[in-house]
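Chemist: Below you'll find the structure I mean.
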Amino acid sequence: MFANTTVLSTKSAKIRCYCIANNWYSTSSHLIVSSGICWSHSRSSYTSATVNASALAGNSDVRFRVVTAVADGWSLGGNPTVGYEVDGFSLDNFSLSGPANDAIGLPVETDLNATATANLGPNETVNFISANNKILATIQNLSTHNYGATTVTVDNAGTSTQNFSTNTAASQQIMDKTITVIPTTNNASGSYQMTTYFTNAEASAWKTNTNQYLKNFNQIKSPSSISSGTVANTVYGSSPSIDSTYNGSELAVTATYNTGFSGFGGGLTGSAGPLPAELIAFYGEREGSRSLLHWETASELNTSTFEIERLNDTKFENIGSVGAAGNSRSIRTYIYKDNQPSTDNGKFTYRLKIVDYNDEYEYSYILVLNETIPLAPVNIYPNPAQSVVNIQLGNDMYGKIDVRIINLEGLVVRELQNISRNEKVNLADIRNGTHFILLSREGRLVATRKILIIR
């Protein structure tokens, strides 16, 4: 807690005194002036003394005082006229030096099931410290409510990230570590400020896995525990404060709530919460005079509908909707046909509005299709495929045709340029599962096919 306690700048109120070590009183080497009431020894600067207080580290309440004593009755050779009865000195600049005293400076608790219990009374601030002498949380009760004995427990641990609400895109995952707070007497409308702590390893993993910055980090809260949380019942901490220098390089996140205690975790702010559906593909093609739109989801949570919007001049307008699966943990495929002509010089611009049962929604990325010359069918075989797939182009397919094979995560796993009419593509190093073959000419998508790789 403290490295050194330094008492600086002592100086006699009437005289300049000679100091030895930490003892400011000395009768040696002094000349007595004729008045007999002070020392004549002069000092050109203040004198400092230092006391090592490192033994006090770990104490939560340390107080200091300075005690002075003045010798009297001193005289020279027994002559009372040459001496003094009382004297005094001034004290200035008492300071502490050493490591910063952030919070209580304890390391962050990471162990699963680590717990701490303390009384959280009216307007109290309590540090919850585990048996390992590590910090779990700090709670400041902003009300007069008495929560009584309150227990904080690490109910999930790890140094990576996890899905939230069962279907969270990588960019919106939350910390592995979550906690529960259970008071004796909860208050559903109680006001409090919560600080949760994460190690540098936990924070770094979140940044790496989500490609997000800590400035976007916040606390999230679910009614019982984070593992049972949903998009609908999630509460985000208000006025979050992010301190990435706690105890050196660890993370302390503070936010305010006006709800009861329950389960807490860490992730993005509320404006960028979990999607109602994890969209893994959204693509399309022109077929004659209509657009065929395709999209796939890896999982869905309380998803109500997919609303299809098309750009008209400068504004997206709803042109139709497709009902969603609702709740699903398997891949779902959807299709929508748009027969309306282009209003933008042969371009067709679409997006999906993904709506859940609570009318919360997120938008997909924007898809642009272009009017194309009708092409002969593209034949893809075998399907399912194992080590190779054949791409056979129609006789009237002209120009340079490029091929991309993408996986369900949207990553390009194979790319070929200017293919022949009968192209054999090696799949040996592509993992099993559903993939999409996209054929383009001069950057415009002209055909899309789905293929299943099974070995």
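Chemist: Could you sort out which of 315/353; 315/400; 134/221 sit more than 25 Å apart by Cα distance in this structure?
Modeler: The pairs that break the limit, which is 25 Å between Cα atoms, are 315/400.
Chemist: Continuing with this model, one more query. Near the amide H of residue 137, under 5 Å away, which other amide H atoms are found, from residues 5 or more places off or on another chain, if H is placed in the peptide plane?
Modeler: 128
Chemist: Working out 0.36 nm times the residue gap between residue 290 and residue 411, then minus their Cα-Cα distance, what length gain in nm do you get to one decimal?
Modeler: Full extension from residue 290 to residue 411 adds 40.8 nm.
Chemist: Find out how many positive minus negative residues lie around residue 180, taking Lys and Arg as positive, Asp and Glu as negative, among other residues whose Cβ is under 13 Å from that of residue 180.
Modeler: Net local charge, residue 180 excluded: +1.
Chemist: May I pose another question? Cα extents of the stretch 257-390 along the three principal axes, largest first, in whole Å?
Modeler: Reported extents, whole Å, longest axis first: 63, 46, 23.
Chemist: Taking every Cα atom in the stretch 193-319, find the radius of gyration and the maximum pairwise distance Dmax, and write them in Å.
Modeler: Rg, Dmax (Cα atoms, Å): 19.5, 64.
Chemist: Using alpha carbon centroids, what distance separates the stretch 105-144 and the stretch 413-455, in Å?
Modeler: Spelled out, the Cα-based centre of one part sits 55 Å from the other.
Chemist: Counting only other residues whose beta carbon sits under 10 Å from that of residue 436, what net charge do I get with K and R as +1, D and E as -1?
Modeler: Taking every Cβ under 10 Å from that of residue 436, the sum is +2.
Chemist: Now for a different question. Binning every alpha carbon pair distance of the stretch 379-453 at 5 Å from zero, what are the percents per bin?
Modeler: It works out to 4, 15, 32, 27, 15, 7, 1, in whole percents.
Chemist: Cβ neighbours within 10 Å, averaged per peptide: list 189-195, 176-182 in order, most packed at the top.
Modeler: On the way: 189-195: 18.1, 176-182: 22.7.
Result, highest mean first: 176-182, 189-195.
Chemist: Please list the non-local residues whose amide H lies under 5 Å from the amide H of residue 446, H modeled 1.01 Å from N, same-chain partners needing a gap of 5 or more.
Modeler: Distant-sequence amide H within range of residue 446: 439, 440, 441.
Chemist: With labels modelled as points extended 7 Å from the Cα through the Cβ direction, what inter-label distance (nm, one decimal) is found for residue 62 paired with residue 314?
Modeler: That separation, rounded to one decimal, is 6.4 nm.
Chemist: For the stretch 115-272, treating each Cα as an identical point scatterer without solvent, what Debye log10 I(q)/I(0) comes out at q = 0.08 1/Å?
Modeler: Values, matching the q order: -0.20.
Chemist: Under a Cβ-Cβ cut-off of 10 Å, what is the net charge of the residues other than residue 400 that fall near it, where Lys and Arg count +1 and Asp and Glu count -1?
Modeler: With Lys, Arg at +1 and Asp, Glu at -1, the neighbours total -1.
Chemist: While we're looking at this one, here's another question. Enumerate the amide H contacts of residue 261 below 5 Å, restricted to partners 5 or more residues apart or on another chain; note that Pro and chain-start residues carry no placed amide H.
Modeler: 187
Only the coordinates and a few stated rules stand behind these numbers; no lab work does. All values derive from a computational prediction rather than experimental measurement. Neighbour counts are summed over all protein chains in view; Cβ atoms, including those assigned to glycine, are modelled from backbone coordinates with ideal geometry.
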